[in-house]
Amino acid sequence: MGKEKKANKPNKSVRKIRKKWLVPLFFPLFMGLTIAGVYSLINKSSAETAAVISQKKETPDFKRLIGSWVRPDGEYVIEIGKIHPDGKADVAYFNPRPIHVSRSNVSETDGIIELFIELRDRGYPGSTYELKYNPEYDVMVGVYFQAVIQQSLDVIFQRK
């Protein structure tokens with residue numbers, strides 16, 4: 001008997017041809033759906049957009065920062081007494097003796113409460129703390145800039 005043909009089994013070149021038409025067919029379809037989705041987002045009315053933004057943005061509770069905070073790597077203490085409506089904060093700083101706080105304010109960026117402190121005292125000519133409050137762990141984390149030696153240090157403050 002001679003050679004028998006295998007039924008229903010196309011050769012490799014036919015399979016390659018079948019795969020080649022998938023990309024030109026589905027890629028434009030995928031891109032069209034993506035562009036349509038983006039276009040619908042862009043064309044939402046300003047009232048809808050404002051409603052969505054107002055739902056997401058809550059007024060941060062700056063009062064959560066009031067209290068005493070300590071850096072676990074030393075005797076550094078921040079005491080926050082009051083936060084005024086304009087964002088200015090009544091802050092005292094100790095190492096362990098009092099260090100003059102020349103400026104301090106609280107703000108919010110993208111839902112994160114931030115505290116800025118500038119120190120002006122002997123040994124602290126413009127040293128600063130830039131801290132962000134993490135409500136999940138009730139800590140403030142950020143950067144301390146020591147102006148005398150021009151060095152930045154990552155720090156954390158825990159509620160005392």
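Here, each number is a calculation from the coordinates, and none is a lab measurement. The shown structure was predicted, so the numbers you read here are calculated from the model rather than taken from an experiment. Every residue, glycine as well, gets a Cβ built from its backbone with ideal geometry; the counts of neighbours run over all protein chains shown.
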Response to the item:
Taking a crude spin-label model, label points 7 Å out from Cα along the C-beta direction, the ALA92 to GLN158 distance in nm is 2.3 nm
Practice prompt. Starting from segment 74-153, pick out the trypsin sites (Lys or Arg not before Pro) whose DSSP state is loop and whose Cβ has at most 13 other Cβ atoms within 10 Å.
Written response: ARG122
Item to complete: With a cut-off of at most 12 other beta carbons within 10 Å, and DSSP calling the residue loop, which chymotrypsin sites (Phe, Trp or Tyr not before Pro) in segment 52-160 qualify? Please list them.
Response: TYR137
Fill in: Cα→Cβ-extended label distance, 7 Å offset, between ARG103 and ARG64, nm
2.6 nm
